[in-house]
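In what follows, a structure is listed as structure tokens, so that the remarks can point back to it.
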Amino acid sequence: MRIGIPRGLLYYLYKPLWEKFFAELGLEVVVSKKTTKNTLKKGIEVTVDDICLPVKIYHGHVISLKDNVDVVFIPRLVSIKNKEFICPKLMGLPDVIRANIKDLPPIIEPTVDLTSSWLGFYRAVFEVGSYFTNKNTVILKAFYKATKNFKNYTQALEKGARPDEILEGCCNLLSNKAKFKILLLGHPYNLYDPFINLNMIKKIENYGARVITPENFTETIFKTHLSKLNKPLFWTLGNKLLAAAYQLKERRDIDGVILLVSFGCGPDSLIGELIERWIRKNTDIPFVLLTIDEHSGDAGLNTRIEAFMDMIERRKAT
Amino acid sequence: MRLSFPHMGNLYIPIKTFFESLGIEVVVPPLSNKETLELGVKHSPEFACLPLKVNIGNMIQALEKGANTIVMAGGGGPCRFGYYSEVQREILSDLGYDFEMIVLDPPKGNLLKLVKNIKRLIGDNSFKKIWFSARLAWKKAVLLEELDYADGMARVSKKLNKKKANNLFNYFEKEIDLTVSFDKLQCIENQMKECYHDLTPSFEPIKIGLVGEIYTVLDNFVNMDIKKKLEDWGVYVDKSISLTEWANTNLLLRLLNIHGEKNTEIAARPYLNHFVGGHGLQSVGNTVLYANKKFDGVLHVLPFTCMPEIIAKSILPAVSKKYNIPVLSLVMDEHAADIGLNTRLEAFVDLLCKRKEGMKDEILFRS
Ligand code: SF4
């Protein structure tokens with residue numbers, strides 16, 4: 001049986017887990033090809049115009065898969081952490097896809113909801129597993145191997161590798177020799193899909209910089225910095241961004257911060273504001289907020305990145 | 001303490017009543033107007049949703065009027081509203097205002113904080129007094145809803161012309177606002193019954209169900225008085241959300257933990273199988289219910305970029321097709337203009353009239 005995984009949204013965080021799990025269950029895993037203009041075009045055709053870019057692109061990936069696989073995997077990710085959510089749009093994702101795309105193969109749509117209990121995760125695992133086998137031991141074993149694979153991945157991230165490097169299999173940790181360090185903040189699907197961000201990481205690293213992202217920070221960093229919040233924030237991805245920004249007060253090695261947000265992103269319309277105000281008040285690190293949507297032409301964004309990087313280069317030289 | 005709070009429809013009347021009868025000085029911000037919106041837009045994050053911007057405008061105007069404490073509702077997500085207070089506090093203190101913000105968060109395992117915050121507000125008033133104030137405020141909220149309904153029927157049935165209806169509505173709204181005793185409220189209710197009698201229209205009006213994000217549904221400044229507009233055209237409008245009902249299910253039932261599955265959720269299930277924050281699920285479910293109740297159409301209102309309602313907006317076309325009921329999604333933002341809105345509403349009502357007369361029109365969904 002062929003199972004399709006759309007290369008979009010939280011695929012970039014969970015690839016090592018999902019792929020391994022399905023492979024261990026004996027399925028043939030088909031991941032949609034990298035995002036192209038056509039993926040986006042297909043996605044735009046079927047979605048309402050005010051939904052954010054990453055969700056449109058996700059639609060494009062589902063469309064490219066649907067005729068080549070027996071089932072598609074579209075998880076309903078409600079919450080991956082106690083008392084936190086990801087985004088309302090991901091909570092309704094399978095339903096939105098069903099309403100927008102015709103002639104879909106069956107959808108494997110486990111609900112992952114850890115809002116009240118970590119058991120939610122195991123429930124989801126068995127829900128998915130039992131679709132393909134009725135042997136609980138097989139599911140458990142597959143899950144064990146998948147988590148192990150995933151653990152290796154997160155460990156590599158904490159050591160400084162970036163998801164894009166690991167997923168591409170070209171980790172160059174040696175770039176510690178980099179002239180300066182840029183902290184690139186954003187949601188994984190925006191940071192690690194070079195189509196969405198117009199290959200931004202590459203562009204920045206061409207300046208001889210090392211790009212670090214929220215995925216490089218450990219759970220402890222998040223915990224210490226988020227405890228300062230007046231009121232705990234209920235978005236997991238937002239928390240990562242906030243904590244990554246808050247730790248700048250103690251870190252002297254970051255030369256610039258770029259925050260990348262999707263046009264119309266609900267959570268980031270508030271988080272972006274909080275981060276910007278905080279960085280300006282508490283540090284003197286240069287900061288820029290870049291908004292991307294399907295119209296963000298190469299030219300406009302490129303000029304802004306170049307201007308920002310030139311400025312940092314000059315600053316460093318003095 | 002000079003207490004204030006942002007507006008949502010005429011909710012200020014019961015809230016003001018509650019705090020004033022506890023002996024707290026209340027500063028009601030000017031009713032939301034163009035200037036409120038301008039202030040809000042100027043000082044809020046560009047891509048924040050409209051309610052946050054109008055709130056900021058209200059708060060600035062309240063602080064300018066001398067308020068020094070702001071009560072704000074909180075929330076546990078996933079909708080943005082739950083984190084408004086934090087962003088608003090930052091914005092206002094960066095603007096140099098000296099004030100305190102008291103956030104009332106639903107008790108998600110942290111009942112103590114809520115109790116503490118409520119305690120700060122009500123001081124050492126006796127329980128009897130608090131109970132009295134709450135009941136008075138509640139009674140007002142109920143009366144205001146009755147007034148809204150009666151006023152609507154008066155317009156739809158054409159028993160009162162627009163000007164008379166406006167006058168009568170304003171008169172009763174003011175009376176309810178100013179009254180401080182139960183007896184007097186009872187008198188007003190009786191008066192209302194006398195004034196708004198015999199409201200059944202002599203014709204079968206077009207019936208529209210109004211669904212969407214709560215603030216947009218309930219605040220007439222933000223929805224550009226859409227309900228009255230339609231009613232003046234003789235269209236019956238049913239609001240799917242009412243404040244008292246919302247308070248009942250969200251505050252009381254949540255506290256008692258008997259929040260069961262509701263009809264709307266069951267109705268929505270084939271199309272949207274999970275809560276998505278705010279009223280997204282209700283928008284889908286209520287559309288199904290309106291179709292079952294043989295309404296002629298459904299109007300879906302949402303602020304620009306509202307996440308739960310964008311989900312609903314994505315799904316409603318499928319519901320519309322399945323149940324053969326026209327749905328119009330209207331996105332509200334600071335640029336929405338009266339003229340554009342009127343044309344779109346007219347076209348929609350036109351479509352509904354034609355369908356009612358038995359003419360076939362294939363276009364079901366518009367946005
Ligand atoms: S978090 Fe933002 S970018 Fe991601 S799906 Fe939600 S609205 Fe879109």
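The values are calculated or read from the model by the stated rules, or taken from the named source; none is laboratory data. Just so it is clear, the model here is predicted, and its values are computed rather than measured. Using ideal geometry, Cβ is built from the backbone for each residue, glycine included, and neighbour counts are taken over all protein chains shown. When the accessible area is computed, the model is the full protein with side chains, heavy atoms only, and any ligands, DNA or RNA have been set aside. Shrake-Rupley method; radii C 1.70, N 1.55, O 1.52, S 1.80 Å.
Here are some notes:
- Note on the protein assembly as shown: dipole from Cβ charges, positive end direction compared against B:F182, A:L90, B:N166; the farthest Cα belongs to A:L90.
- Comparing A:I279, A:S262, A:L241 along the charge dipole axis of region A:168-317, the residue lying farthest to the positive side is A:I279, per the Cβ-charge model.
- Shape category assigned to region B:277-367 from the gyration tensor of Cα positions, a/c cut at 1.5: oblate
- Shape call, region B:17-87: gyration tensor on alpha carbons, a/c limit 1.5: oblate
- Charged side chains reduced to their Cβ positions (Lys and Arg at +1, Asp and Glu at -1) give chain A a dipole of some 840 debye around its Cα centre.
- Heavy-atom accessible surface of region B:57-131, averaged per residue, reaches 49 Å², computed with a 1.4 Å probe.
- Annotation: per residue accessible area for region B:204-367 equals 42 Å², rounded to a whole number [probe 1.4 Å, protein chains only].
- Among A:L65, A:L237, A:L25, the largest mean-square fluctuation in a Gaussian network model of chain A (Cα springs under 10 Å) belongs to A:L25.
- Whichever lysines have a C-alpha closer than 16 Å to that of B:K34, once near sequence neighbours (fewer than 8 apart) are set aside: B:K42, B:K53
- Loop-located chymotrypsin sites (Phe, Trp or Tyr not before Pro) in region A:37-138 (DSSP state other than H, G, I, E, B) with a sparse environment of at most 14 neighbouring Cβ atoms within 10 Å: A:W118.
- GNM result for chain B, Cα springs below 10 Å: residue of B:K159, B:K354, B:K128 fluctuating most strongly: B:K128
- Residue-normalised accessible area of region A:168-317, expressed per residue, 1.4 Å probe, Å²: 42
- Taking Cα centre as origin and charging only the Cβ of basic (Lys, Arg, +1) and acidic (Asp, Glu, -1) residues, the dipole magnitude of region A:2-157 rounds to 480 debye.
- Amide H contacts under 5 Å for A:V30: A:I3, A:G4, A:I5, restricted to partners 5 or more places along the chain or on a different chain, H placed in the peptide plane at 1.01 Å from N.
- Calculated from backbone phi, Karplus (6.51, -1.76, 1.60) coupling profile of region A:90-107 in Hz, x at Gly/Pro: 7, 6, x, 3, x, 5, 5, 4, 4, 6, 9, 10, 8, 6, 8, x, x, 9
- Rounded to the nearest 10 degrees, the inclination of helix A:37-46 to the longest alpha-carbon principal axis of chain A is 60 degrees.
- Distance from the Cα centroid of region B:157-177 to that of region A:241-312 is 52 Å (rounded to whole angstrom).
- Karplus-based coupling profile of region A:276-287, in residue order and whole Hz: 4, 4, 5, 4, 5, 7, 10, 9, 10, 6, x, 9, with θ = phi - 60° in 6.51 cos²θ - 1.76 cosθ + 1.60 and x standing for Gly or Pro.
- Take every pair of alpha-carbon atoms less than 8 Å apart whose residues are at least six positions apart; their mean separation over the length of region B:126-203 yields a relative contact order of 41 percent.
- As a length-normalised measure over Cα pairs under 8 Å and 6 or more apart, the relative contact order of chain B settles at 15 percent.
- Distance violations [Cα-Cα > 18 Å] among B:K16/B:K140; A:K228/B:K119; A:K83/A:K159: A:K228/B:K119; A:K83/A:K159
- Estimated dipole of region A:168-317 in Debye, rounded to 20 [Cβ of Lys and Arg +1, of Asp and Glu -1, Cα centre]: 760
- Gyration tensor verdict on region B:2-125 (Cα atoms; rounded if a/c is under 1.5, prolate if a/b is larger than b/c, oblate otherwise): oblate
- Over chain B, dividing the summed -39,500 (n - 2.57) contributions of all DSSP H runs of at least 4 residues by the number of residues returns a 222 nm mean residue ellipticity of -17000 deg cm²/dmol.
- Computed from backbone phi, the HN-Hα couplings of region B:214-225 come to 4, 5, 5, 5, 8, 9, 6, 6, 6, 8, 6, 6 Hz, rounded to whole numbers (Karplus: 6.51 cos²θ - 1.76 cosθ + 1.60, θ = phi - 60°; Gly and Pro given as x).
- Under a 5 Å amide H cut-off, with hydrogens placed 1.01 Å from N, B:M101 pairs with B:I70 among residues at least 5 apart or on other chains.
- Highest mobility in the GNM of chain B, judged by mean-square fluctuation with C-alpha springs under 10 Å and restricted to B:G23, B:G152, B:G96, is found for B:G96.
- Take the accessible area of chain A alone and of chain B alone, subtract that of the pair, and you get about 3400 Å² summed over both chains, using a 1.4 Å probe.
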